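For reference, the structure is listed below as structure tokens.
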Amino acid sequence: MTMCALPYSTPRMSRKKLGMESNNLGQDARYHEELGALSWLFEEVRAGKRLPVAEAYGITHSIYGSMHDNGHARIRLCPLRDMLEYAAVHALNVTILTMGLADQLGYDAEAVRSIGLAGLLHDIGMVRVPQELIAKSEQLDAQDRKIIQEHPVQGARIIVDADASLALPAVVAYEHHLRMDGGGYPALRYPRLPHPVTRLVQVCDTYHALSSPRPAREAWPNDVIFSFLQQRASSDFDPDMATRLIAMIAMNEH
């Protein structure tokens, strides 16, 4: 898989409507299995083992199949029930949102799955962050933030060390906290715009992170998240991707 295999221009959004619902894990064995597989994958890497690339591909394809099991794409987000499951639930839901948005944008099935793999692995570097820091309920201090801000570099390294051909997931892992205005992290000597797929994954990552409860805050409602994305469009986020994600989610709230 290479970056050049994916289009750099944004295709026109299709008119296809996706069904969005929060799904009970006990009612969908596939999500239960995918969540378990993701938890195992993160634990393997956290233990210092090489990223199991074949399994990451398998999880992505399984999620894609679950989304298309009735002939058209459908988004069913997995609820977060325990903060200990956050990494796996976040990866699962960002993958779902990422492939849903890519599908709406008109990418073909192979490209959608490639983008989905990048969404699945975007935060893999967080396995290098101490668990007690992730679960910290009080405000993070400067040293805490410094440690957390190393995860994009760590994530790209984990991916490249496992399979140097995974260019797109490595780029997305490295870039997903870069801003459109050149800010964010990691700091670049020569600021540049993030890759188009990074911009797609970034808005999905931000949406799910803000819509989920965290130790230091409650989950944000959709209207507040939408306002945040709109206010930060152009400075933090790709305005087109933000608009399209908001439209996709809003269309399916009813």
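The values are calculated or read from the model by the stated rules, or taken from the named source; none is laboratory data. Please read these numbers as outputs of a predicted model, since none were measured by experiment. Here the Cβ positions follow ideal geometry from the backbone for every residue, glycine too, while neighbour counts run over all protein chains shown.
Having 1 or more residues that are within 25 Å of A102 (Cα to Cα) and not aliphatic (A, V, I, L, M) is the bar; report the helices (runs of 4 or more DSSP H) wholly within region 136-254 that clear it.
Qualifying helices (runs of 4 or more DSSP H): 151-162, 167-175, 196-211, 222-232, 239-251.
Looking only at region 171-209, how many residues end up being touching a residue at least 40 places away in the same chain (Cβ under 8 Å) and at positive phi?
1
Being under 18 Å from T95 (Cβ atoms) and without any contact (Cβ under 8 Å) to a residue 40 or more places away in the chain is the filter here, so list the residues in region 159-170 that pass it.
A170 - this is the single residue of region 159-170 that is under 18 Å from T95 (Cβ atoms) and without any contact (Cβ under 8 Å) to a residue 40 or more places away in the chain.
Looking only at residues in region 150-199 that are of a type in the set (K, R) and modelled with pLDDT under 95, which one is nearest to S114 (Cα to Cα)?
Only one residue fits best here, namely R192.
Is it the case, given these coordinates, that D240 is farther than 30 Å from K49 by Cα, of a type in the set (D, E) and in contact (Cβ under 8 Å) with a residue 60 or more places away in the chain?
So D240 fits the description; yes.
Search region 125-135 for residues being among the aliphatic types (A, V, I, L, M) and in a helix (DSSP H, G or I), and hand back the single one that is nearest to P52 (Cα to Cα).
Checking each candidate, the answer is V127.
Quick grid of which residues meet (1) at pLDDT below 70; (2) buried (at least 16 other Cβ atoms within 10 Å of the Cβ); (3) over 15 Å from the mean Cα position of the chain (by Cα):
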site: S9; (1), (2), (3): yes, no, yes
site: M20; (1), (2), (3): yes, yes, yes
site: N24; (1), (2), (3): yes, no, yes
site: I63; (1), (2), (3): no, yes, no
site: M67; (1), (2), (3): no, yes, yes
site: V89; (1), (2), (3): no, yes, no
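Do you know which of the residues in region 157-169 that are over 13 Å from V127 (Cβ atoms) and either touching a His at 6+ places or on another chain (Cβ under 6 Å) or of a type in the set (A, V, I, L, M, F, W, C) (or both) is surrounded by the fewest Cβ atoms within 10 Å (Cβ to Cβ)?
A164
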